[in-house]
Amino acid sequence: MTETRELICINCPLGCGLTVTMKDGEVVKVEGNTCPKGEAYGKKEVTNPTRIVTSTVRVSGGLMPVVSVKTASDIPKEKIMDCARVLKDVKVQAPVAIGDVVLENICGTGVSIIATKNVSAA
Ligand code: SF4
């Protein structure tokens with residue numbers, strides 16, 4: 001069975017409209033991309049969509065009450081909401097430095113959550 005999916009490439013501000021054609025669950029064609037990144041994105045998005053997740057977690061004893069964090073690499077798209085729920089209850093102790101691991105293996109993805117800002121102790 002042949003099916004098509006319409007997507008917008010999110011790899012750069014150009015936002016090319018992609019048409020991904022699949023046959024029996026396999027990608028056979030990606031059209032509309034201006035560069036190879038779009039083709040790779042189109043293929044991955046219909047077979048194994050992943051995202052970097054950015055958020056904040058609470059900080060105890062710091063000059064700021066929260067610190068921004070992100071996943072160290074892409075995680076499966078279907079785990080994003082689970083991760084958001086877990087991060088809501090995470091609290092770290094100041095000081096926090098950029099790159100500190102705030103949480104390991106979030107939601108069984110094998111991916112760590114790392115700090116993206118410095119927060120000094122109060
Ligand atoms: S296909 Fe290439 S040029 Fe188009 S949005 Fe994606 S990265 Fe940008």
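Read-outs: derived from the displayed coordinates by stated rules, not from any lab. All values reported here derive from a predicted model rather than from experimental measurement. A quick note on method: Cβ atoms are made from the backbone with ideal geometry, for glycine too, and the neighbour counts reach across all protein chains shown.
Per-structure values
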item	result
Sole exception among (1) charged (D, E, K, R); (2) within 16 Å of the ligand (Cβ to nearest atom); (3) in a helix (DSSP H, G or I) for ARG5, by number	(3)
Where a residue in region 1-18 is at positive phi and its partner, wherever it lies, is near the ligand (Cβ under 9 Å from one of its atoms) and assigned to a strand (DSSP E or B), with Cβ under 6 Å and at least six apart	GLY15/ILE8
Identity of the residue in region 17-37, among the small types (Gly, Ala, Ser) and touching a Ser or Thr at 6+ places or on another chain (Cβ under 9 Å), that ends up farthest from THR47 (Cα to Cα)	GLY32
Test: residue in region 37-49 that is more than 17 Å from ILE10 (Cβ to Cβ) and in contact with a strand residue (DSSP E or B) (Cβ under 9 Å, 6 or more places away or on another chain)	no
Evaluation of ARG85 against (1) at negative phi; (2) of a type in the set (D, E, K, R); (3) touching a residue at least 12 places away in the same chain (Cβ under 8 Å) (one fails), failing number	(3)
Qualifying residues in region 22-31 (those that are within 21 Å of LYS77 (Cα to Cα) and β-branched (Val, Ile, Thr)) - the one nearest to the ligand (Cβ to nearest atom)	VAL30
Single condition THR19 does not satisfy, out of (1) in a strand (DSSP E or B); (2) under 22 Å from the mean Cα position of the chain (by Cα); (3) within 16 Å of the ligand (Cβ to nearest atom); (4) not charged (D, E, K, R)	(2)
Residue match in region 32-50 (condition: near the ligand (Cβ under 8 Å from one of its atoms) and under 17 Å from PRO76 (Cα atoms))	yes
Residues satisfying the stated conditions in region 24-44, i.e. among the basic types (Lys, Arg) and touching a residue at least 24 places away in the same chain (Cβ under 8 Å)	LYS37
Residue selected from region 69-104 under the condition assigned to a strand (DSSP E or B) and under 14 Å from the mean Cα position of the chain (by Cα), by the criterion farthest from THR116 (Cα to Cα)	PRO76
